[in-house]
Amino acid sequence: MRGLHILHRLALEGVICFGPRNGKQHTFVLLDEWIPKTKIMDRDKALGELALRYFDSHGPSTLQDFRWWSGLTDSDARIGLDKNKSKLVSEDINNQMYWFSNKIKGIYDSYPSSQLLPNFDEYIVGYKDRSHLVNGISNNKMELNEFIFNPTIILNGEIVGTWKRTFKENKIKILLNQFKSLNNEENRAIKESAASYGNSIRMHVIC
């Protein structure tokens, strides 16, 4: 493990960072050569910038979500949010305040939309409270925190199951574990998402 520890230390000191993969292997590059020079911010301004980027990309979300995602203390997370309240929209839902970008526009589509997400996907990891992702599904199916570790089936923004993949020659078999019964259109949307995944890696999908 000595080599990994050396790489980890160099990364923590800001000498190296991950570069593009070489096949299945990770590569490393010098941070100064890979990351463009950026302006230096004072601490409060940096907290504000981090908060704005989080709520712009993850909203609607709560202060607690931001604190979980960023690892900041409660006071620093509040400083970041306070510096951006005029740039964000808020809404009280079940006595919990949610914040999001004022640029968000409502999307109304009657056709089901589905995605097959990998484990540790930002859509799930980015929030402390994940109960809204399993609306109408019994928590006995899986503990909310366990969704981080499992590839998930997303339907219209909600988790409706998990999935696994197995490879055989030039084909990929996807096994779906759905938590509730779905109608034909919803099942079709999930299979289309699986087919899209197969196309991205140029393999035929059996689902």
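Some notes on this structure:
- In the chain, helical runs assigned H by DSSP with n ≥ 4 each contribute -39500 (n - 2.57); averaged across all residues and rounded to the nearest 500, the mean residue ellipticity at 222 nm is -9500 deg cm²/dmol.
- Compactness of the stretch 114-206 is given as radius of gyration and Dmax, 13.3, 40 Å, from Cα positions.
- Net charge contributed by nearby residues that have their C-beta within less than 13 Å of Ile16 (K/R +1, D/E -1): -2
- Charged neighbours of Leu30, selected by a Cβ distance under 14 Å, balance to -2 (K, R count +1; D, E count -1).
- Panel order for Asp129, Asp65, by other beta carbons found within 10 Å of each beta carbon, from fewest to most: Asp129, Asp65.
- Length-normalised contact order of the stretch 1-107 in % [C-alpha pairs under 8 Å, at least 6 apart]: 21
- Electrostatic tally near Glu192: other residues with Cβ closer than 13 Å to its Cβ, Lys and Arg +1, Asp and Glu -1, net 0.
- From the Kirkwood radius over Cα pairs of the chain, Stokes-Einstein at 4 °C and 1.567 mPa s returns a whole-number translational diffusion coefficient of 64 µm²/s.
- The mean sequence distance of close C-alpha pairs (under 8 Å, at least 6 residues apart), as a share of the length of the chain, puts its relative contact order at 14 percent.
- Based on C-alpha pairs under 8 angstrom that are at least 6 apart in sequence, the stretch 156-207 has a relative contact order of 38 percent.
Each value in this text was obtained by applying a stated rule to the coordinates, not by laboratory testing. Just so it is clear, the structure is predicted and the values come from calculations on it, not from any experiment. Glycine also receives a Cβ, built like all others from the backbone with ideal geometry; neighbour counts cover every protein chain displayed.
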